[in-house]
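These notes are about the structure you will find just below.
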Amino acid sequence: DPQRAAQQRNTALFTLLLKQLQRGQYADFLRDQALLTEVKSAEPYDLAVFQTPAVRTGDYVCPTLTETLQTLVSAPTARARNCLAEQFYRAGWDDNPLGDKPPTDQLAGSADRFGGTPHGRLALYRQVIADTAAPRADRSYALYRAINCFASSGYNHCGSEEIPKAERQRWFRQLKDNYANTPWAAQLRYWW
C-alpha cells in the first residue's frame with residue numbers, strides 16, 4: 001500500500017521476504033522480490049540484504065541470492081542449499097525474532113497464519129549431509145558449518161533443532177575420516 005508510511009512498508013516487506021526464506025517458499029520470494037524497487041525506505045531494516053551479490057568463503061563460491069533461489073525452485077542442489085544457509089549466516093538471521101512465534105500468553109502469541117514451518121540454516125546443512133549423492137565439496141562444507149553451529153558453547157545458534165552430542169561427534173568423525181583432504185576438515189579441530 002503506497003499510502004502507508006515508508007517504515008511500515010519496509011518492515012512488512014522485510015518480514016514477508018524473511019518468512020518466505022525461512023519456510024522454503026522460494027518461488028513466492030522470487031515473485032515478491034520485485035517489491036524491493038517499490039519500497040524506498042532503508043529503515044528500520046536494510047532491504048539490500050535480499051539482493052546480495054555472489055559470495056566466496058575460501059574456495060567455496062555461492063552465486064547471488066536470486067540465482068540460488070532460482071536453482072532451489074527449478075532443480076535443488078546441495079550447493080544451493082549451502083548457499084542459502086550461507087545467506088542466513090551472513091545476514092545474521094539465526095537469531096532474528098521475526099521468525100519466532102511468541103508463547104500464546106504473550107503479545108503476538110496467536111496462531112501464525114503464515115503458511116509453512118520455519119527452519120534455520122542447520123536444517124539446510126542437514127539436508128546436504130543426508131544427501132549421499134551430494135558432491136564432496138558441498139557435503140564437507142555442510143558438515144563443517146553444521147558442526148560450527150554448536151561452537152563453542154555446545155548450543156545450536158543456527159536454528160531450533162537440538163542435536164545430540166553423539167550425532168555432532170559423528171559429523172566430526174565423518175568430516176575428518178571421509179573428507180580429510182578438504183580445507184574444511186583441515187580447519188576444524190574440535191566439535192562441540
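Taken over region 119-159, the criterion of being open to solvent by 60 Å² or more (accessible area, probe 1.4 Å) and part of a loop (DSSP other than H, G, I, E, B) is satisfied by THR132, ALA133, PRO135, SER152, SER153, TYR155, HIS157.
Of the helices (runs of 4 or more DSSP H) contained entirely in region 1-106, those carrying at least 2 residues that are at pLDDT below 95 fall at 6-22, 78-91.
Output the residues belonging to region 38-53 that are of a type in the set (Gly, Ala, Ser) and touching a residue at least 12 places away in the same chain (Cβ under 8 Å). Within region 38-53, SER41, ALA42 qualify. For region 128-146, state whether one or more residues are modelled with pLDDT under 95 and either more than 28 Å from TYR26 (Cβ to Cβ) or touching a Ser or Thr at 6+ places or on another chain (Cβ under 9 Å) (or both). No, region 128-146 has no match at all. Selection of region 131-186 for residues being within 21 Å of CYS62 (Cα to Cα) and touching an Asp or Glu at 6+ places or on another chain (Cβ under 6 Å) yields only CYS158.
Please count how many residues of region 107-127 are aromatic (Phe, Trp, Tyr) and modelled with pLDDT under 85.
Selection size over region 107-127: 1.
The values are calculated or read from the model by the stated rules, or taken from the named source; none is laboratory data. None of the values given here were measured: they were computed from a predicted structure. Glycine gets a Cβ as well: all are built from the backbone with ideal geometry, and neighbour counts include every protein chain shown. SASA here: full protein model, heavy atoms, side chains in, ligands and nucleic acids out. Shrake-Rupley method; radii C 1.70, N 1.55, O 1.52, S 1.80 Å.
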